[in-house]
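The values are calculated or read from the model by the stated rules, or taken from the named source; none is laboratory data. It should be emphasised that the depicted structure is a prediction, and the values quoted were computed from it without experimental measurement. We place every Cβ from the backbone using ideal geometry, glycine too, and count neighbours over all the protein chains shown. Each accessible area value is taken on the protein alone, full model and side chains, heavy atoms only, with ligands, DNA and RNA left out. Shrake-Rupley method; radii C 1.70, N 1.55, O 1.52, S 1.80 Å.
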Amino acid sequence: MDEVAEALKRAGCPTFAPWLDFQARYGGYVEDLGKDEAIWGLLHREPYWLPPGEVQVDLEGDVRRITCAEVHPSYDFWLTSSGEFFSMGGGGHYENFDVRVERGAVFWEGKVRGRAWRLDWDVLKIVGSVEELRQRVRAEMVPEASDKYSTCWRSDELILVAGEDRPLVWVDANRREHLLSQLGSRAPR
């Protein structure tokens, strides 16, 4: 923790409690991102993309933000001084990093049970609205994977995330036909 505080001092930046908490809890964890991986943390001794032993801090309007992972810059992973996590490169916006972890766990839990989740644009079109879909599949809200930016629901056949952006529906690829028959339609594959 002292290394991070010293690096922040060298960068002319105050030390924010949410940043130190993030570093203590997640620093060094590696996340598989398909063909890439993210090594979470604010400071890295032998990075490929970041300056070694330094932090990368930016002032966005009135808010300070810090790069929070050693990963290709296109992922654009940032943590604000208040602890909010966001990524313009596909990670979304979360009230805090814990919500992002919990949302990932929703998918991981399904994969452990042998499921393959597939993003499916047809399901929502068939039903027409998030609320109608939620009710028809009896999806339950996952509070720990939800925040002020988006809400996560899950049922046996799907995971639904709705909020700031367009709603996203992931369907268990092995149960898609069953789900479509429940909804009274046969969408294209």
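Would you mind getting me the FRET efficiency between residue 148 and residue 49? Use the beta-carbon distance for r and R0 = 25 Å, nearest 0.05.
On the way: r = 30 Å, r/R0 = 1.21.
Between residue 148 and residue 49 the formula returns 0.25.
Summing +1 for each Lys or Arg and -1 for each Asp or Glu among the other residues whose beta-carbon sits under 14 angstrom from that of residue 36 gives -4. Determine, at each q value in 0.10, 0.12, 0.15 (inverse angstroms), the log₁₀ of I(q)/I(0) that the Debye formula gives when each Cα of the chain is one equal point scatterer. Log10 I(q)/I(0), no solvent term: -0.48, -0.65, -0.90. At 1.4 Å probe size, with the rest of the protein present, what percent of the exposed accessible area of the range 86-175 is carbon and sulfur atoms? That share works out to 47 percent. Sorted largest first, the spans of the alpha carbon positions of the range 65-154 along the three principal axes are 42, 28, 22 Å.
For residue 53, the shell of other residues with beta-carbons less than 11 Å away shows a net charge of -2, using +1 for Lys and Arg and -1 for Asp and Glu. Which one, 152, 68, 13, has the greatest fluctuation when you compute a Gaussian network model over the chain with C-alpha springs under 10 angstrom? Greatest mean-square fluctuation among the candidates belongs to 13. Counting 0.36 nm for each residue step from residue 95 to residue 35 and taking away their Cα separation leaves a gain of 18.9 nm. Annotation for residue 21 and residue 132: the two label points, set 7 Å from Cα along the Cα-Cβ direction, are 4.1 nm apart.
Once the chain from residue 62 to residue 109 is taken as fully extended at 0.36 nm per residue, the excess over their C-alpha distance is 13.1 nm.
Computed from the C-beta positions of residue 181 and residue 72, the FRET efficiency with R₀ = 45 Å rounds to 0.65.
For the range 47-135, chymotrypsin sites (Phe, Trp or Tyr not before Pro) are listed when DSSP marks them as loop and at most 12 other Cβ atoms sit within 10 Å of their Cβ; the list is 48, 121. P(r) tail for the range 132-189: Cα pairs beyond 15 Å make up 49% of the total. Extending 7 Å from Cα along the Cβ direction at residue 3 and again at residue 141 yields two label points whose distance is 4.1 nm. Within the shell of other residues whose beta carbon sits under 11 angstrom from the beta carbon of residue 110, the net charge comes to +1, with Lys and Arg scored +1 and Asp and Glu -1.
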